1. Applying the Karplus parametrisation 6.51 cos²θ - 1.76 cosθ + 1.60 with θ = phi - 60° to the phi angles of the stretch 164-180, what ³J(HN,Hα) value in whole Hz is obtained for each residue in order, glycine and proline being reported as x?
2. Multiply the residue separation of residue 71 and residue 54 by 0.36 nm, subtract the distance between their alpha-carbon atoms, and state the gained length in nm to one decimal.
3. Quick check on packing: order 80-90, 129-139 by the mean number of other C-beta atoms within 10 Å, highest mean leading.
4. Can you return the aspartates and glutamates within cross-link range of residue 70? Criterion is Cα-Cα under 16 Å, with same-chain partners fewer than 8 residues away left out.
5. Measuring from label point to label point, each 7 Å out along Cα→Cβ, what is the residue 214 to residue 253 span in nm?
6. From the square roots a ≥ b ≥ c of the eigenvalues of the alpha-carbon gyration tensor of the stretch 115-261, which class results: rounded (a/c under 1.5), prolate (a/b over b/c), or oblate?
7. Tell me, what is the FRET efficiency for residue 196 and residue 169 to the nearest 0.05, using R0 = 25 angstrom and their Cβ-Cβ distance as r?
8. Give 115/170; 170/268; 56/115; 72/115 a once-over and call out the pairs whose C-alpha atoms are over 32 Å from each other.
Amino acid sequence: MKDILIHFYKYCLSFFSFKEKTVCNNQIAGEYKKISFIEHYGLYTGMLSDRGCVRKRNEDSVALVELKSKTKMTPGVLAIVADGMGGHNAGNRASELAVNIIREIIGATDNPSEKVLAEAVQAANIAIFNEASENVDYAGMGTTVTVFLLFEGQAWMAHVGDSRLYRLRKNAWIQLSEDHTFVAGMERNGLITAEQARTHPDRNVLDRAVGTHRYLEIMLMPVDLETGDVFFLCSDGLYDLVCSEEIRETLLNYSLQASCNLLVDLAKRRGGHDNISVVAVCCDQPSNLLFSSPSTRDVVIASNA
Ligand code: CA
C-alpha cells in the first residue's frame, strides 16, 4: 500500500490533517454498512477519454471538477462518465449535455447532496429528452451517466446505464454500480452465468438510459468512505477489453493518472473497438502525500478529451 501512496503524490489537489468518524448507518445493496465521513483528507485524481481505434468520434464525455466548501477546508470532487448513443452526432450531444448540466447544477449549489445530485441527473434527462423530441437529428439519443460526488467528507453515486463505478479498498475490488442491461438482468435473475453474460452478443443493450424517456429511475446511493479508497469510473469501451483484475492490479501499482493512461492504452492495443473513458479519485490521508507539488494541484476539467 505504501508504494501506491507514494505514487499518488503527483495528483494531489490539496491536503490537510486527517480524522475519520462514523455518522450514520445506511443501506447499500441490500446490507447495512457503516457510512463513514472523512473530516480532513487529500484528493488524488486521474482521467482520460479516448476515441479508441475504430469509431470516428468520441461519444463519451467525462468530467472531473473540484468542489469548494465555504465552511470547511476540505476538497470536494465531482466525477462523471457518460457514454452517449444515437446516430450521427446524437450520442456525442447526449453525453455532452448530461455532463454539462450535471456539472452546472452541482457547481451552482453551496451544499451538494444526494438530493441535488438526483435533481441534476433528472434535469439532464429532461433536457436530452426535450432536445431529442424537437430536433430530428437527435431523435432517440440517450446516454449512460455514472456520477461519483464527494463533498465535505461524504460521498454519493448516481448511476444509469452500463458505465461503471468500482471501489478499490486495500486489495478488495468491487463494482458499486449495477449494469442496466437486459443481459445483466438475466444474470441477476440466474437465467445465465456471469461468463455467459460477459460474452453475450447483446451485453451492451441498455434497459435504461438518460434522455430516452420522460421518466427516469436513477440508481442513487450514499457511498461508504475509508481512507485510501480509490473510486474508478469507466465506460464499457474499457471493461469490454480489460478485465477487473487487470484494472485492480494497475491501480495498485501505479499513480492514478498513470493507471488511466496504461489502461486506455491496453484497451487500444486489444482493438479499441469503442470509445474508452476512465476517471479515478482517491481520498487519502495527507501525511501520505510525501511529495505534493503546488503545480500539480490544478483542477482537471475535460469533456470529450
Ligand atoms: Ca461505449
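1. 3J(HN,Hα) across the stretch 164-180, in whole Hz: 9, 10, 10, 10, 9, 10, 6, 9, 8, 10, 9, 8, 7, 8, 10, 6, 8.
2. Numbers: separation 17, 0.36 × 17 = 6.12 nm, distance 4.72 nm.
Contour length minus Cα-Cα distance gives 1.4 nm.
3. On the way: 80-90: 24.0, 129-139: 14.7.
Taking the mean over residues of other Cβ atoms within 10 Å, the ranking is 80-90, 129-139.
4. 39, 110, 152
5. About 5.3 nm, to one decimal.
6. Values: a/c = 1.89, a/b = 1.30, b/c = 1.46.
Oblate is the answer for the stretch 115-261, as a/c is 1.5 or above yet b/c matches or exceeds a/b.
7. Values: r = 29 Å, r/R0 = 1.15.
After rounding, the FRET efficiency stands at 0.30.
8. Numbers: 115/170 30 Å; 170/268 28 Å; 56/115 37 Å; 72/115 20 Å.
56/115, as the Cα separations exceed 32 Å there.
Just so you know, all these numbers are worked out from the coordinates, no wet-lab data involved. From a predicted model like this one, the values you see are computed outputs, not experimental measurements. When we count neighbours, we look across all protein chains shown, and the Cβ atoms used for this are built from the backbone with ideal geometry, even at glycine.
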